[in-house]
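**Student:** Take a look at the following structure, please.
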Amino acid sequence: MERPNYHDSINFLRKLTLRRVWNALKVLSSFYVSRITGRPVQWGLPMSISFEPTTSCNLRCPECPSGLRAFTRPTGMLEKGFFTQTIDDIYRDILYLIFYFQGEPYLNRDFLEMVQYASSKGIYTATSTNAHYLTDEMARKTVESGLDRLIISIDGTTQEVYQQYRVGGRLDKVIEGAKNIVKWKKQLGSKTPFVFFQFLVVKPNEHQVQEIQQLGREVGVDEVRFKTAQVYNYEEDPNQLIPANEKFSRYSLQPDGRYIPKNKMANHCWKLWQANVITWDGLVVPCCFDKDATHQLGDLKNQSFRDIWQSPSYHKFRSELMTSRKNIDICSNCSEGVSVWKN
């Protein structure tokens, strides 16, 4: 869309402190020293963290473990006390906090109180939602919480198309929720949250790329972004989700009819140096592609975050990534290097 995200950029920059800038420089230098020497070093703390409010979800999307109820790990809700304790330990260095991993954040009744707490610590906060719980009251509370960024997943401009991926969802609820947020931003005179529609481009909806941009303008969101879809069995694509337009795909079609990932799988990954994920029950995992928490690098119920970040387990995982990333299962379907388009 045409609108610049000037206010969002300024808001983000205002979260910077000397300590956070210094931490970012340490992380950046660690990453490049590691690449040059071939040995992993880490002098800082992550700049960005994803905290999982819950694994529960109201929808049944076909490529989502939460939607498929396919987790082997427990389902549950992030406890506010545990969250605030963890934030108190790391907020001086953390710049960006994403309240999302799996599940629908608004199902956690303490979600917005946790957002408010993180915002009070000067952290840039973001979340992703399917927008089915953005009632008028909840939209007002969301704006008042200080949330900086709200990603609204909307994968179709008609109910028929939308429900093919967002199984069990209602497009009218999504649009109503987005309008509620836009309304309360205006009424409260707030420039936050920065709201954008995220359109996961799959085969059933790729013909609606232009229409979602028009819908975004009509609703009044700040931006529309297009995201490529992760397909677990991409070689066969049994759910027929990979779009024909390769611009919007993580995969390239080969002459023999198979698909392969566009990611070239180089032995480095910026995410592993500057970000990580904490599950609702305190497990620390390397990134958002470890959806079932199979690569547990620590447990915050037993260790401090700083100890985990510098632990032998983390060092070992970074070393393996730098020598044979292709052998790490969660890396095989990674979207690193595949663009997200903004309009």
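The values are calculated or read from the model by the stated rules, or taken from the named source; none is laboratory data. Quick caveat, the model's predicted, so the values are computed rather than measured. A quick note on method: Cβ atoms are made from the backbone with ideal geometry, for glycine too, and the neighbour counts reach across all protein chains shown. Keep in mind that these areas ignore ligands, DNA and RNA; they rest on the heavy atoms of the full protein, side chains included. Shrake-Rupley method; radii C 1.70, N 1.55, O 1.52, S 1.80 Å.
**Student:** Only one of L59, L112, L18, L78 is in contact with a Lys or Arg (Cβ under 6 Å, 6 or more places away or on another chain) and at pLDDT 95 or above; which?
**Tutor:** Details: L59 fails: at pLDDT 95 or above; L18 fails: in contact with a Lys or Arg (Cβ under 6 Å, 6 or more places away or on another chain); L78 fails: in contact with a Lys or Arg (Cβ under 6 Å, 6 or more places away or on another chain).
Answer to the selection: L112.
**Student:** Could you please give the count of residues in segment 302-313 that are within 13 Å of W43 (Cα to Cα) and open to solvent by less than 60 Å² (accessible area, probe 1.4 Å)?
**Tutor:** 2
**Student:** Separate question: Looking at K227, K247, which is the one that is open to solvent by 30 Å² or more (accessible area, probe 1.4 Å) and in a strand (DSSP E or B)?
**Tutor:** Numbers: K247 fails: in a strand (DSSP E or B).
Exactly one of K227, K247 is open to solvent by 30 Å² or more (accessible area, probe 1.4 Å) and in a strand (DSSP E or B), namely K227.
**Student:** Continuing with this model, one more query. Kindly provide the set of residues from segment 298-329 that are within 28 Å of A266 (Cα to Cα) and assigned to a loop (DSSP other than H, G, I, E, B), ordered by number.
**Tutor:** Matches in segment 298-329: Q310, S311, I328.
**Student:** Determine which member of the set T157, T142, T127 is surrounded by 18 or more Cβ atoms within 10 Å (Cβ to Cβ), among the polar types (S, T, N, Q) and within 16 Å of the chain's Cα centre (by Cα).
**Tutor:** Values: T157 fails: within 16 Å of the chain's Cα centre (by Cα); T142 fails: within 16 Å of the chain's Cα centre (by Cα).
Residue meeting the stated conditions: T127.
**Student:** Output yes when any residue across segment 272-282 is under 24 Å from I90 (Cβ atoms), touching a Cys at 6+ places or on another chain (Cβ under 8 Å) and not in a strand (DSSP E or B), and no when none is.
**Tutor:** Checking segment 272-282: at least one residue is under 24 Å from I90 (Cβ atoms), touching a Cys at 6+ places or on another chain (Cβ under 8 Å) and not in a strand (DSSP E or B).
Residues checked against (1) open to solvent by 40 Å² or more (accessible area, probe 1.4 Å); (2) at pLDDT 90 or above:
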residue	(1), (2)
P261	no, no
A266	yes, no
L272	no, yes
L300	no, yes
R318	no, yes
C331	no, no
C334	no, no
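**Student:** I've got another one for you. Just checking, does segment 50-62 include any residue being of a type in the set (K, R), out of contact with any helix residue (DSSP H, G or I) (no Cβ under 6 Å at 6 or more places or on another chain) and farther than 22 Å from K301 by Cβ?
**Tutor:** Our first condition is that a residue be of a type in the set (K, R); within segment 50-62, this holds for 60.
Now restrict to residues that are out of contact with any helix residue (DSSP H, G or I) (no Cβ under 6 Å at 6 or more places or on another chain): 60.
Applying the additional criterion that residues be farther than 22 Å from K301 by Cβ yields 60.
Scanning segment 50-62 turns up at least one residue that is of a type in the set (K, R), out of contact with any helix residue (DSSP H, G or I) (no Cβ under 6 Å at 6 or more places or on another chain) and farther than 22 Å from K301 by Cβ.
**Student:** Also: What's the number of the condition V201 fails, among (1) more than 25 Å from S119 (Cα to Cα); (2) open to solvent by 60 Å² or more (accessible area, probe 1.4 Å)?
**Tutor:** Result: V201 passes all but (2).
**Student:** Answer with yes or no whether K264 is at negative phi and part of a loop (DSSP other than H, G, I, E, B).
**Tutor:** Details: at negative phi: yes; part of a loop (DSSP other than H, G, I, E, B): yes.
Here the answer is yes, as K264 does meet what is asked.
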